[in-house]
1. Taking the stretch 212-232, which residues are surrounded by 14 or more Cβ atoms within 10 Å (Cβ to Cβ) and over 20 Å from residue 165 (Cβ atoms)?
2. Is it the case that some residue within the stretch 207-219 is assigned to a loop (DSSP other than H, G, I, E, B) and in contact with a helix residue (DSSP H, G or I) (Cβ under 6 Å, 6 or more places away or on another chain)?
3. With in the same structural domain as residue 167 (by TED's automatic domain parsing) and crowded, with 18+ Cβ neighbours inside 10 Å as the only criterion, which of 331, 272 stands out?
4. Does the stretch 286-303 hold any residues that are over 11 Å from residue 118 (Cβ atoms), in a helix (DSSP H, G or I) and out of contact with any strand residue (DSSP E or B) (no Cβ under 7 Å at 6 or more places or on another chain), and which are they?
5. Out of 209, 183, 159, 194, which single residue is exposed (fewer than 15 other Cβ atoms within 10 Å of the Cβ), in contact (Cβ under 8 Å) with a residue 12 or more places away in the chain and more than 23 Å from residue 311 (Cβ to Cβ)?
6. How many residues are part of a loop (DSSP other than H, G, I, E, B) and under 19 Å from the mean Cα position of the chain (by Cα) when one looks only at the stretch 17-41?
7. Quick one: is residue 63 in a helix (DSSP H, G or I) and over 19 Å from residue 89 (Cβ atoms)?
8. Does residue 295 count as in contact with a helix residue (DSSP H, G or I) (Cβ under 8 Å, 6 or more places away or on another chain) and farther than 15 Å from residue 120 by Cα?
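The values are calculated or read from the model by the stated rules, or taken from the named source; none is laboratory data. Quick caveat, the model's predicted, so the values are computed rather than measured. For neighbour counting, all protein chains shown are included, and Cβ atoms are generated from backbone atoms with ideal geometry for every residue, glycine included.
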């Protein structure tokens, strides 16, 4: 029988304080998330200092609950994994300091985990048979990456955003049309009532980076459209704007994935990150994979948004590959995928 390897994982890169216990990289024994969405909604977006303060207030209770839900103790944990980048530096520091303190006090190995790697590894939780290599699209509030997953912990970045990430564009457009924060779920909801073909927003293509993304121009086009309507005293159809914007984002993502599948002959494709919970985008990518004869994988919504279970999965593969960090581990807000 395979020996159990229990990872206690901590995630605090943005506005969720989270802890989880993961066994052997695939079995989530607990996954506790304390969200700050209600707090930051008052400000129309995440306020870094407020996020950091709330992490400090909640992190001990979240970890205690995760251990309790997993019916385990810190003594029974084999290693502690923590997100150390990328993210908000103050928020990251709270999680890293907590993980270092626990590792030192309990004499447990410490593992720094890349946040984007965590999102990719979220696909392993519910898809027990998924193994590298595969193609993965990571779409979240801060990141849009198209990645070849060569092996556990080994990645080749095919493309990434040159400016706004997809999720960031969703938030900014939602704010502009009066939907508020968080933008992704609100745009998806109202877009069901709109016509996605009503407004022809641009789909950016980057000449010197076939797989790179750019959503800043799309965001600006939406703002220009709204300003034009106001100047001409034309009534703005909120649902049509939301649906047309979402359609433009979806078309860009699908186009990039189609080209990558064709060029690299990948037979498995996964999506990850908070925007991966968008039903319209997910369904469009599912249809593409069906058309191409490619296996399609995606996490459940709870594992798309920031959570510690995905960090525990990534930490497990770091652990069995012999990687360890010492107490000099620090937060790196602009950490690149593949760096350590």
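1. 225, 226, 229
2. As a first pass, look at the stretch 207-219 and keep what is assigned to a loop (DSSP other than H, G, I, E, B): 207-212, 214-215.
Right, trim to in contact with a helix residue (DSSP H, G or I) (Cβ under 6 Å, 6 or more places away or on another chain) and you get 211, 215.
Scanning the stretch 207-219, I find at least one residue that is assigned to a loop (DSSP other than H, G, I, E, B) and in contact with a helix residue (DSSP H, G or I) (Cβ under 6 Å, 6 or more places away or on another chain), so the answer is yes.
3. Numbers: 331 fails: in the same structural domain as residue 167 (by TED's automatic domain parsing).
Within the list 331, 272, the selection yields 272.
4. Of everything in the stretch 286-303, those that are over 11 Å from residue 118 (Cβ atoms), in a helix (DSSP H, G or I) and out of contact with any strand residue (DSSP E or B) (no Cβ under 7 Å at 6 or more places or on another chain) turn out to be 287, 288, 290, 291, 292, 301, 302.
5. Values: 183 fails: exposed (fewer than 15 other Cβ atoms within 10 Å of the Cβ); 159 fails: exposed (fewer than 15 other Cβ atoms within 10 Å of the Cβ); 194 fails: exposed (fewer than 15 other Cβ atoms within 10 Å of the Cβ).
Step by step, each of 209, 183, 159, 194 is checked, and only 209 is exposed (fewer than 15 other Cβ atoms within 10 Å of the Cβ), in contact (Cβ under 8 Å) with a residue 12 or more places away in the chain and more than 23 Å from residue 311 (Cβ to Cβ).
6. To start, the set of residues in the stretch 17-41 that are part of a loop (DSSP other than H, G, I, E, B) comprises 24-26, 36.
Pick out the ones that are also under 19 Å from the mean Cα position of the chain (by Cα) and you get 25-26, 36.
Summing the residues that are part of a loop (DSSP other than H, G, I, E, B) and under 19 Å from the mean Cα position of the chain (by Cα) in the stretch 17-41 gives 3.
7. On the way: in a helix (DSSP H, G or I): yes; over 19 Å from residue 89 (Cβ atoms): yes.
So residue 63 fits the description; yes.
8. On the way: in contact with a helix residue (DSSP H, G or I) (Cβ under 8 Å, 6 or more places away or on another chain): yes; farther than 15 Å from residue 120 by Cα: yes.
Yes; evaluated as a whole, the condition is true for this residue.
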